[in-house]
1. Treating each Cα of the stretch A:381-492 as an identical point scatterer and ignoring solvent, apply the Debye formula and state log10 I(q)/I(0) at q = 0.12, 0.15, 0.16 Å⁻¹.
2. Hey, any idea what Rg/Rh is for chain A, computing Rh the Kirkwood way over Cα pairs?
3. Determine the distance separating the Cα centre of the stretch A:474-541 from the Cα centre of the stretch A:265-325; give it in Å without decimals.
4. With charges only on Cβ, +1 for K and R and -1 for D and E, what is the dipole size of the stretch A:357-403 about its Cα centre, in debye, rounded to 20?
5. Where does each of A:44-55, A:448-459 land if you order them by average Cβ count within 10 Å, highest first?
6. Let's see if you can work this out: charge +1 on each Lys and Arg Cβ, -1 on each Asp and Glu Cβ, no other charges. What is the dipole magnitude of chain A about its Cα centre, in debye to the nearest 20?
7. With each label point set 7 Å from Cα along the Cα-Cβ vector, what nm distance links A:Val127 and A:Asn93?
8. Over 18 Å between Cα atoms, which of A:Lys405/A:Lys480; A:Lys19/A:Lys268; A:Lys317/A:Lys377; A:Lys330/A:Lys433 qualify?
Amino acid sequence: MSDILGDWKRTHFCGELRKEHIGRQVCLMGWVHRRRDHGGLIFIDLRDRTGIAQLALDPDRDPEAHAKAEAIRNEFVIAAIGTVSPRPQGTVNPKMPTGEVEIEISELRILNIAKTPPFMLDEFTEVAENLRLKYRYLDLRREAIQKNLILRHQVAQTVRSYLTDNGFLEIETPMLTKSTPEGARDYLVPSRVNLGNFYALPQSPQLFKQLLMVSGFDRYFQIVRCFRDEDLRADRQPEFTQIDCELSFVDRDDVMAVMEGMIAKVFKSAINVDVILPIPRLTFAEALDRYGVDNPDLRFEMELVNLTEIVKDSGFKVFAEVAAKGGLVKALNAKGCATFSRKELDGLTDFVAIYGAKGLAWVKIQEDGSWQSPIAKFFTTQELASIGAALDAQPGDLLLFGADKPAVANEALGRLRGHLGNKLGLANPNSYKFAWVTDFPLLEWDGEERRHVAVHHPFTAPLDEDIPLLDTEPGKARAKAYDLVLNGSEIGGGSIRIHNQAVQSRMFNLLGIGEEEAQQKFGFLLDALEYGAPPHGGIAFGLDRVMMILTGAGSIRDVIAFPKTQKATCLMSEAPGVVDEKQLRELGIRLAAPSQQKQS
RNA sequence: GGGGCUGUAGUAGAGUCGGUUACAACGCCGGCCUGUCACGCCGGAGGUCGCGGGUUCAAGUCCCGUCAGCCCCGCCA
């Protein structure tokens, strides 16, 4: 049924043919996107990764090729030789880049037939994602997702050339490495030659890149896969890609300056957006105060306002008690939203409840300036005036209040701010607002484990002026850490590292990692720090998240060729799967009782 | 571990208050058609209503459970 390729050589890609090619004899190869059979004349839209070209088969001109074309169906793989011709007057298709020409086919070869695909591969058909993932190789033929992956390649190329131009060396680090405490759950790989021992897949090449600095490579980068066995989200996959960088003899400003240059170059080359440098900075404390979260969407205002001082002595017990217990009373002004219905307000209350808020007080400012609100009656005229002034309340505005422990009040209102920004269309999808967030706390108290844990990671250096705090109030020490935030998404983060063995040991101590454990888990790093480690620091960007923003993808799966489902399975390969008893025996592994295993 | 949404021909959907043979579109198959481009016209085939149980004279529809996909909380240094 199908023909051999023979000695045919492709001369052009489908999407590149233009008026300039008229008169040329060309040989195209690709997939049949669509066939239009007029009884006599047959048109075939031939597709490859560059686009679509129209093949014209005329029974009068070449009966043999035309007869062959009658059997052709969608997604057949064909090769065609013909002459690039102008389309007749009035039949030019301005919607297609190749719409001014067509190829008058003289010879046709069917290189492979194809079953009818389980779903249409055109740009119009919405397909359930589980089906797309099962037939991923077909889904990947579709233009939208091909464009994403092609852009991803271009971004990777831009990154490589920028970093190379700036003295970075691309060096690979192990995939089979050692499990370390702290951080995410590891993916483990059993060792056959060391029965009972396990490698861990890297959560990031953190320790190795620091050791490369100790080795004197000065600047390192890697576009590298990382693995974290945690639950998935729309922007989180168990294996994901980092643009991982480390630099020697630098402080924070040096890292941020080099890296924002890279980001600017990527955005210019990928989507022709000019990133204004330097990227503005705000401290973690300021971000929380003004936006409630450490990854604010800066495309719109609607900042949070702290009303704790104004309401702490008010007659509204809910607010007064929160203030008395050290909590926060904050509010935001949803401009022009006094028209919200009761149902919409309930929806907002449900939304903040997700983040632990027990309620959401509201005030609608009426056209006559009066306050419609269940809580207005609890405040004095003076208090109302102060609240109104603090929030710049105007007729038609909707004021929304949260009162809780600082963490809950900030997160609930901060997330509400982001939610409203999207709902009200304040977040312009064509706008790109970057910010560095700096001065993160070094440590965070873990109530469950009753110990401090590192906010960034255990190798992050404290601010020089906060080092004395490590002995007195470690929880107040700030870190030389920085995140790059874009449109409400954290796209990168890094820090200056501890390069002094004594400080690193002290850090482990603060984290409740004993000397023996530190030696066992991180001994090689501690040793290395004693052999002349330069001051160094670095950063890692989430390439997948960057690509989501550059492509406008709603899901991380749309920028990854073969992604996993929310349950971390691959619907195409059906990974993970069971393995032979023999394989397990070689690894010295015996499975727990079947009742403890997932049925499959 | 928890909350929510979805599941009906190959695809994406409609299906009212539980009531006749589950509907139209796209795709597919056949026929016709020499300038279409999401071609058009005529005809045809195609269904375990995710799966299991229950209520009922009667279930796509109501109830319970379960599976899968998605979104979220926890988790993700």
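No value in this document is a laboratory result; all are computed from the given coordinates. The shown structure was predicted, so the numbers you read here are calculated from the model rather than taken from an experiment. Here the Cβ is made from the backbone with ideal geometry for all residues, glycine too, and neighbour counts use every protein chain on show.
1. -0.69, -0.94, -0.99
2. Dividing the radius of gyration by the Kirkwood radius yields 1.05.
3. About 27 Å separates the Cα centre of the stretch A:474-541 from the one of the stretch A:265-325.
4. Computed about the Cα centre, the dipole is about 260 debye.
5. Descending mean neighbour count gives A:44-55, A:448-459.
6. Roughly 1360 debye for chain A.
7. So the two model labels end up 2.0 nm from each other.
8. A:Lys405/A:Lys480; A:Lys19/A:Lys268; A:Lys330/A:Lys433
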